[in-house]
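Colleague: First the structure, which I've put down as C-alpha cells, then a few questions once you've had a look.
The values are calculated or read from the model by the stated rules, or taken from the named source; none is laboratory data. Given the structure is predicted, the values throughout are model-derived calculations rather than measurements. Positions of Cβ are backbone-derived with ideal geometry, glycine not excepted, and every protein chain shown enters the neighbour counts. All accessible areas refer to the heavy atoms of the entire protein, side chains included, with ligands and DNA or RNA removed. Shrake-Rupley method; radii C 1.70, N 1.55, O 1.52, S 1.80 Å.
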Amino acid sequence: MSQSFNILNIRENKLLGRREALVEALHLNASTPTRQEVREWVAKQLGVDVANVFVRRIRTSYGVGKSLAEVHIYGDSKLARVLEPLYILARNLGEEGKKLLEEARKRRAERREKRRKRKK
C-alpha cells in the first residue's frame, strides 16, 4: 500500500480564523485514505494539533488512484466547533462526534415536543 500526500493549495481565511487546504492523495492499488489518515498527515506537515484539522470532503477519481481532500485547519478547536457543521464534526471526531450528534437529536426532539404541547 503506497500512499503519498501532497498539499496543492493553502489559503488563509482571516474572517473565519482558519486555513483552507486542498490535499492530493495518490493511492495506487490501495483504497481511498481515511479522514483520520488525512487529518494526521496534514497536522504533522503544518505542525498543528490533529484536533484543529477537519476534512470537509474527499473526492476520489474512478480508476486513477488519486483523491482530492478539502481540509480546514483552525488555530483554535473551540472556534472549529462553532463554525463547522455538526455532520462534519461527527465525521471527523469519531465517537465524540457521535455523542455530539446524539445530543443534538435529543435537543431537537425536546423542542418538537414542547411545540406539540403548546399547540394543544
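Colleague: Calculate the dipole size of the stretch 17-120 relative to its Cα centre from +1 charges on Lys and Arg beta carbons and -1 charges on Asp and Glu beta carbons; express the result in debye to the nearest 20.
Modeller: Details: 27 positive and 14 negative charges, 292 e Å.
It comes to approximately 1400 debye.
Colleague: Express the carbon and sulfur contribution to the solvent-accessible surface of the chain as a percent, rounded to the nearest whole number, probe 1.4 angstrom.
Modeller: Working: 4080 of 8330 Å².
Answer for the chain: carbon and sulfur cover 49 percent of the accessible area.
Colleague: Determine the gain in length on full extension of the stretch residue 4-residue 95; use 0.36 nm per residue of separation and subtract their C-alpha separation, reporting nm with one decimal.
Modeller: Working: separation 91, 0.36 × 91 = 32.76 nm, distance 2.72 nm.
My answer for the length gained is 30.0 nm.
Colleague: Moving to a separate point now. Which entries of 78/114; 78/98; 14/106; 44/78 have Cα-Cα distances beyond 25 Å here? Working shown, then result.
Modeller: Working: 78/114 30 Å; 78/98 17 Å; 14/106 34 Å; 44/78 20 Å.
Distance filter (> 25 Å) returns 78/114; 14/106.
Colleague: Compute the projected area of the convex hull of the Cα atoms of the stretch 1-71, averaged over all viewing directions, and report it in nm² to one decimal place.
Modeller: Working: hull surface 18.4 nm².
Its average projected convex-hull area is 4.6 nm².
Colleague: Report the chymotrypsin sites (Phe, Trp or Tyr not before Pro) located in the stretch 2-79 that are in a DSSP loop and have at most 11 other Cβ atoms inside 10 Å of their Cβ, or state none.
Modeller: On the way: sites: 5, 41, 54, 62, 74; in loops: 62.
Taking the stretch 2-79 and a limit of 11 other Cβ atoms within 10 Å, the loop chymotrypsin sites (Phe, Trp or Tyr not before Pro) found are 62.
Colleague: Still on this structure: Which one of 39, 105, 59 has the biggest mean-square fluctuation once the chain is modelled by GNM with Cα springs under 10 Å?
Modeller: 105
Colleague: Per residue, how much accessible area does the chain show when a 1.4 Å probe rolls over the protein heavy atoms, in square angstrom? Numbers along the way, then the final one.
Modeller: Values: 8330 Å² over 120 residues.
Per residue, the chain has 69 Å² of solvent-accessible surface.
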